[in-house]
Structure formats: structure tokens, C-alpha cells
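Asks: Got a structure for you, written out below as C-alpha cells; questions coming shortly.
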């Protein structure tokens, strides 16, 4: 496995070429889009030609980010005249999506910058730092180390990338450097209240309606150690929900005292069921339990897509979860 | 109105006396209890006698704070042999509560440290810094400026005080200094993941039941700009709620897109109504609106205690809020 490229080595690529296609993973979150904008707008301010593409485009909830209108769906033809492909925050190459991979297929050099430990270093040049809580923080260090321009829009994008990937500076991955970075971004003019308000305080009303609907299905089992709720197609359609509306809601039931596993069951089109699982107990490996049904993920956060109907999927998965509880 | 005492002048009081009663407001939140522990344990580590009292004692949700068992209900007799009374994070003297005021009534010197702009400087020595997002941050600056000891428990208490009073480093009051402080606390050994998990990820089940009950009363008015919900005594009693269970829940409706004012109406024993008000629009000063009913607070977060019944209080306050909307 190749060593990490240093910031200076990455800087040499930035100096040698002047056209960049910047990508991130499908179903992009704040760190994905924020990282694309942070680096893309910095390279552009340094005089380069930049395209920022994502297979799923820009989610509505990140539309407030300055410059976010620059995030495009990939063109159908390969971008012939872009020399460097940069993958950000994307743990495996296929997670970039087929359309993005096709669009970037003529690049001469692949650069891969990420904070996922499992990243197999699929670039020609790689910088994988799993000690960083967000790819946005790696880019902050890269941009400032290289004295690249840091436009206001890059500054804001870095903040949102790191804030969203640390649960607002809460997760164990947050370090002193993370807080020092935030202090520096404020000194560079970041409006912290406005940025957070736009990130966290502006959910569509239907998200609150969804919360209410989910809470009305909440049940505890496994002696109070397992909390689960469900979303039917009928509720999804009646509330006009978008995929990002449910983001993070499972944290509400994960946070219940005594609960060690939280589950979100969701009916999908075509009769499939999506299950999101969160574990608070290191003795319960969510990816193991999900693996029994063909799913996977991390030890504390995993998921499944399985056959329905909902009642049957719930029964099977809840039985597996209860069997995995310590002492069961 | 007397000037702010400097940290050095406060340090002279700490040097001159060796016994301190440390108080904060009734219905204490993270900044109240965190501030008491931060300063109390630092003064104790410096060799002083310290009592930390609160009319409502220690809320369950802050019991994880190291040293929090030192927070006591006030003794019924005045503390004869404690020289200095210190009020922390308490905007008006009566908010300390009658029992605490009685317990501290024999003190020779009153010290008043707070970040509420409206604080009328009721101490003999006052330090009111409304530019600080939390009293805990003032105490961090005071303790480090004076080179007082900073025991681990004080360090943790400062972090929780500031984190809870800034909505996890999100509110506009958060400054570069706030983030620099957090970085320094981590360098001093703070376990940021553990502290946040204990602060935010362990709510009693009844809090989720409360959320469901509140959501089922949610209404929008003022053309979608005002969101409000309510808690009756009947619901409070049937769910066995404790005062801290509702802390922060109002943020859920404050976050609705298009909403600029969020209100929480709550029936209290004895027929009174408590109103919590949050504004997202700088043009709507929540403390002004609450002031019309004898309440007060900050521009973006204020409250009222007023006569019931609930329906009447709601009607009056909602009318005042709607009249305060821009363009109304």
C-alpha cells in the first residue's frame, strides 16, 4: 500500500496541471459537498479550470452554501480536457458513481483524499488520514499549508463539512486541531451563527411532521434495550418526503437511556425494506447483525436492504438483534 | 451602574477570603451547574472552603459531571461562617431562589459574575460580560488569567457549560475565543467524545414521550412564521416529567424553515404559565416581547411567567408576537 503523499507532493500536482475534475460520493452529505467546494473553489481562485461533479447532484439541504450551484451532474461524455481527477471523502472508487467515473475517465492523474480508514488508496496519489474527523479538515490543512487562496466560499464549505461530520464538534474524532481550525475560520470572517443556522435550523416543516409520525410508531423491546420505529410508503407519500428528510432522526431514539440498539425500518418502492441500525454498545456489532441479512457498514452504524413485507422484515431483524444482546 | 471588576480585582477577593458560597439560578441548566462546579472546585483546589448550593438541587441530566454530588440544596439556616457569596449565571438576584438567598444572607461580600446583558449588577463586585456566550467561558478566562488550579472536574464542567449554552458551538454568540477555549480544554485532557455523549446521548425515555406529546400539539401561525406547542399539567403528570426533560426541545420547532419565532407554553402548579420564546430574526427581540408581560432574557431567547389559564396566556402572547413580526 503506497504511503500518504505529503501536502507538498500534492502541491506539486496542483502546480503542474491546471484543470481538475472534483468528485465525491453518491448520496453526498455535508463533508462530501463541502469538501468539493472547499478545494474546487480554492483551485479555481488559484487560476485553474475546475469542474465539480456528483452523481446525485446537490442535495436541497446544502443549497445555502455559497458557490454550491457549481456542483453539477456529471456530463454524459468523458471530460476530454481535464487532466486531474480528484476523489474526495469517498471510501471506495465505485462509491463515486458510474456517471462521475465515466466523466473523469480521461484524466491523466488520480488524486484520492479521504478520512475513511478502509480507503484502499485507489488513486495515483493518495492522502488518507483517518485521524481527521472530516475530509474538510484535511483540505483546510492542505490549503493553508500550501498557501492556496481560501475564498470565503471555501472557508464556509470547510466549516460545514467538519461541523456536519463531527455532529457539531461532538464526536470522539473531534480534536484540539478541529477546534483551532474553527477559531481560525472565524478569524478569517466566518459568520458562525449564520452558517450553523443555515446548516441546522432550517428543516422543512415536513421533517417535523415525519418526526411526529415516526414517534407515533416508536416501540421498545429487548427489555428496553432496543428502540425501533418505522416509515411506511403511505406516510412517505402523504408527507411528500425527500430522502434527506430522515437524516439523523434515528439519533433521537439512539439517545434513549438504556437503549443500546436503535432501528429505523423504511418501506421502499418495489416492496423492499431499508433498515438502519445504530449500536451504542461495542459488544453489539451492527455490521455483524446486518450481515446476517446481506447488509453491512460499521460496528456502530450499519444497514440492510431486504425483502418485505415490513412486518416480516421487522420480526426477523428484531429477533436477530435481541439474540445479539449481551446475556441473550 | 458600577464598572466591571477586572479579573485581578476578583482575584483580590479570592486572595483576601477563604470561604465561599457559590450559587446559580433556579431550574439550573448546564451553564448554571457547570459554572458552579468550575469555580467552586477551582477555589477548593486553591485551599478554600466552598459550598455549592442551588434551590432546585442537581438535575438528573447533569449528574454525570464529576464532582456534581457537591451541589446541595441550601441549608435551612444561614451559613454563618462563609464570607463571600458568589452568584453565577443569574440575571436577577431573586432568580437565585429564596432558600439560597437565605443561606447566603450572612456573607460579607457579594460577587456577581454573569453573561446576561440585563443583569442589574446586584453584587458588591460585578463582572457582567454579555459578549461571552456562557458564564462558563468567563470563568475559564478568570481561572486561567488568575492562574488558579483547574482540576479535571472544573475543566469538564466548563466544557459542558459552554457547549450547552452555545447549542454545541453553534449560536451566533460563539466566538473564536470559544473554540480556542475548547481546544485548550482538550489539550488539558478533556475527553470530548465522552463528555458530549454524556451531555447529549442519554435522555430518559420520558423525554421522547414528551417530544411526541408536544409534537401532537404543534401549531403554526403568523403565516407560518410562528411555531408553538404546549405542555399541560395533565401531560406532565401522566408522563412523570422532571423540569429538565424539556430542555432544548424548543430547538426542534425553532428549526422549521420559515419559522422566525418559536414558543413553548407550559402550565405550572398554582395556575401560572411559563412561556419560552426563541427568535431567529434579529428584528424580533424576544426579550422586548417578553418584557411586555413582565418577562425578559436575551434578544434571541427569552421567557415569561404569567397568569393563566393556558388558553388566555397563549392568545395574549401570540398576539404580541404576531404584532412584532416585520411587516405586521
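None of the figures in this text is laboratory data; all of them are computed from the coordinates on show. The structure displayed is predicted, hence computed values, not measured ones. Here the Cβ is made from the backbone with ideal geometry for all residues, glycine too, and neighbour counts use every protein chain on show.
Asks: So how many Å³ per residue does the convex hull of the Cα atoms of segment B:265-312 work out to?
Replies: 67
Asks: Considering only the protein assembly as shown, what is the antiparallel percent among its DSSP beta bridges, to the nearest 5?
Replies: 40
Asks: Another question about this same structure. What 222 nm value per residue comes from the helices of chain B, counting each DSSP H run with n ≥ 4 as -39,500 (n - 2.57) and dividing by all residues, nearest 500 deg cm²/dmol?
Replies: Calculated at 222 nm, the ellipticity per residue is -11000 deg cm²/dmol.
Asks: Separate question: In degrees between 0 and 90, to the nearest 10, how far off the longest principal axis of chain A does helix A:205-215 point, with axes built from Cα atoms?
Replies: The angle comes out near 40 degrees.
Asks: Here is a further query. Which order results if B:202, B:168 are arranged by neighbouring Cβ count within 10 Å, fewest first?
Replies: Going from least to most buried by this count: B:202, B:168.
Asks: If you count, for every residue in B:166-178, the Cβ atoms of partner chains within 10 Å of its Cβ, what is the mean?
Replies: Rounded to a whole number, the mean comes out at 6.
Asks: Let me know the mean shielding of A:195-202 by other chains, meaning the per-residue number of their Cβ atoms within 10 Å of its Cβ. Intermediate values should be presented prior to the final figure.
Replies: Working: counts 2, 8, 6, 0, 1, 5, 10, 6.
If you average over the peptide's residues, the count of other-chain Cβ atoms is 5.
Asks: Now for a separate question. Could you give me D for segment B:7-200, from Stokes-Einstein at 37 °C and 0.692 mPa s, where the hydrodynamic radius is the Kirkwood radius over C-alpha pairs? Units µm² s⁻¹, please. Please list the in-between numbers first.
Replies: Numbers: Rh = 16.2 Å.
The Stokes-Einstein estimate is 202 µm²/s.
Asks: Using just the C-alpha positions of segment B:127-253 as equal point scatterers, what log10 of I(q)/I(0) does the Debye formula give at each q in 0.13 1/Å?
Replies: Log10 I(q)/I(0), no solvent term: -0.69.
Asks: What does the convex hull of the Cα atoms come to per residue for chain B, in Å³?
Replies: 134
Asks: Give the Cα extents of the protein assembly as shown along the principal axes, in whole Å, largest first.
Replies: 81, 60, 55
Asks: Sort out for me the Cα centre separation of segment A:269-323 from segment B:6-39, rounded to whole Å.
Replies: Distance between centres, Cα-based: 50 Å.
Asks: Also, quick follow-up: When each pair of different Cα atoms in segment B:207-324 is counted once in the 1/r mean, what is the Kirkwood radius in angstroms, to one decimal?
Replies: 14.1
Asks: Next up: What's the average, rounded to a whole number, of partner chain beta-carbon atoms within 10 Å of each residue's beta-carbon in B:152-164? Working shown, then result.
Replies: Working: counts 0, 0, 0, 0, 0, 0, 0, 0, 0, 0, 0, 3, 0.
Neighbouring Cβ atoms belonging to other protein chains average 0 per residue here.
Asks: Give me the angle, in degrees from 0 to 90, between the Cα long axis of helix B:176-187 and the longest principal axis of the Cα atoms of chain B, rounded to the nearest 10.
Replies: Around 60 degrees separate the two axes.
Asks: Please give the Cα centre distance for segment A:123-199 versus segment B:185-228, rounded to the nearest Å.
Replies: First find each Cα centre; the distance between them is then 25 Å.
Asks: Just grab the label-to-label distance for residue B:152 and residue A:281, each label 7 Å out from Cα along the Cβ direction, in nm (one decimal).
Replies: 2.6
Asks: Exposure proxy check: A:180, A:111 ranked by fewest other beta carbons within 10 Å?
Replies: Listed from fewest to most nearby Cβ atoms, that is A:180, A:111.
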